[in-house]
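Notes follow once the structure below has been shown.
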Amino acid sequence: MALRELKVCLLGDTGVGKSSIVWRFVEDSFDPNINPTIGASFMTKTVQYQNELHKFLIWDTAGQERFRALAPMYYRGSAAAIIVYDITKEETFSTLKNWVKELRQHGPPNIVVAIAGNKCDLNDVREVMEKDAKDYADSIHAIFVETSAKNAININELFIEISRRIPSTDTNPASSGKGFKLRRQPSVTKRSCFYLLGVHTPEVPNKGPAHPTPARAEKTAVVRAACWLPQRAVSLAFKGNPASLFWPCLIGS
């Protein structure tokens, strides 16, 4: 059975539940006290779809504004992007539209886009109507689903639909079904190298290594060109306060 690796990134405001969706899909668990992602985190899961195995290489990006400039490292080269909003917060749906505009300008050609309205278990305090969100998704040929990471609603279905939308290896992409249309023409592919750039953490007398702050990490990270996900699983568990923080960077060729 053929194995395909599909890079998927999650985008959206902080607090909408991107990490919870990933954890529910990969580990089938939910943590109500999960820490905000710093930079990005990475997980994988392999599922069978028809006569293929799809290995999802999932980049869960930080939603904080200060990390916004790092997002292109993760969505460039992606087969799919999941843009998440919180159905109880209208402003997160407005932010979602900004992510769509950015993908139109800088994203890969024919990337599969999915819109996920998370926290549908909180229907009593809903601010974004399901019909409005679905109409918008239909207008850009995106997948639409309302999810609940807490109650495990439509999480697996979301990734199954992504698998369905990805053109098969023996299908001409130009003749495949509807996809997210980009205005930008694809550029010439260049060979690139993958580097991990570390944040130096000097020793503090009698206290061990100092914990880097997100601000220091931002200033240290070198962001150039597009991000290509390496085949090996690189753990970027940026949650909490690790003593060493790493960023995936491409030094353009």
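Here is how the numbers come out for the structure above:
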quantity: Distance histogram in 10 Å bins (all Cα pairs of the range 2-165, percent per bin); calculated: 11, 44, 38, 8, 0
quantity: Gain in span if fully extended, MET1 to ASN156, counting 0.36 nm per residue against the direct Cα distance; calculated: 53.7 nm
quantity: Sequence ranges 80-86, 157-163, ranked by mean other-Cβ count within 10 angstrom, highest first; calculated: 80-86, 157-163
quantity: Antiparallel content of DSSP bridges confined to the range 1-67, in %, to 5; calculated: 55 percent
quantity: Added length on full extension, which subtracts the Cα-Cα distance from 0.36 nm per residue, SER29 to ASP135; calculated: 35.1 nm
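Computed from the coordinates by the stated procedures, all read-outs in this text should not be read as laboratory data. Every value quoted in this text rests on a predicted model; they were computed, and no experiment measured them. Note: ideal-geometry Cβ built from the backbone for every residue, glycine included; neighbour counts use all protein chains shown.
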